[in-house]
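Taking it in order: structure first as structure tokens, then the write-up.
Values in this text are rule-based calculations from the coordinates and carry no lab data. Predicted, not measured: the structure shown is a model, and the values here were computed from it. As a convention, Cβ positions derive from the backbone with ideal geometry for all residues, glycine included, and neighbour counts pool all protein chains shown.
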Amino acid sequence: MSNSGDDGNMIEDLAQFDLDREIADSEQKKPWPSGLHSKTLVKKHDLRLVLIAMEPAAKMKEHHTDGTISVQVLKGCIRFRTQGKAYDLRVGNLLTLGASIKHEVESLEDSVFLLTVSWPGNRELLAMKHRGYGT
């Protein structure tokens, strides 16, 4: 059950997702451009939830996000690079990163992770010198 529109915009204050079904649905859309597929599950003014699936060796080039993020691996293994260090994250691993910190992601095998973004308010967004994803 889901209470969000096709674009992930929340319609109601409660939503429930079957992540296994969402992952299976993404598999049906292969081949993916650039070896990855993302689906916004929730898009509210203060919160984003994005399910990201990656084929082996797929990369998300260095970027930053305007809000604090968490990355929770649901399938496979990804390499998360930030601030000169690499973190190999496997199923059950969770990593958090502060707003506007540059990072990149590489899939080491077929992988899926849930990206959560705690979106800053408009005042904070306007005060930022550089903009990241999700604008």
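Taking only region 66-91 into account, find how many residues are closer than 14 Å to PHE113 by Cβ and among the hydroxyl-bearing types (Ser, Thr, Tyr). Quick ask: steps written out before the conclusion?
Pass one, region 66-91, residues closer than 14 Å to PHE113 by Cβ: 69-80, 87-91.
After this cut, where a residue has to be among the hydroxyl-bearing types (Ser, Thr, Tyr) as well, the list is 70, 87.
So the answer is 2.
Output the residue which, of all residues in region 20-65 that are closer than 13 Å to VAL112 by Cα and polar (S, T, N, Q), is nearest to the chain's Cα centre (by Cα).
By that ranking, first place goes to SER38.
Among strands (runs of 3 or more DSSP E) lying entirely in region 45-85, which contain 2 or more residues that are of a type in the set (A, V, I, L, M, F, W, C) and in contact (Cβ under 8 Å) with a residue 40 or more places away in the chain?
Result: 47-54, 68-75.
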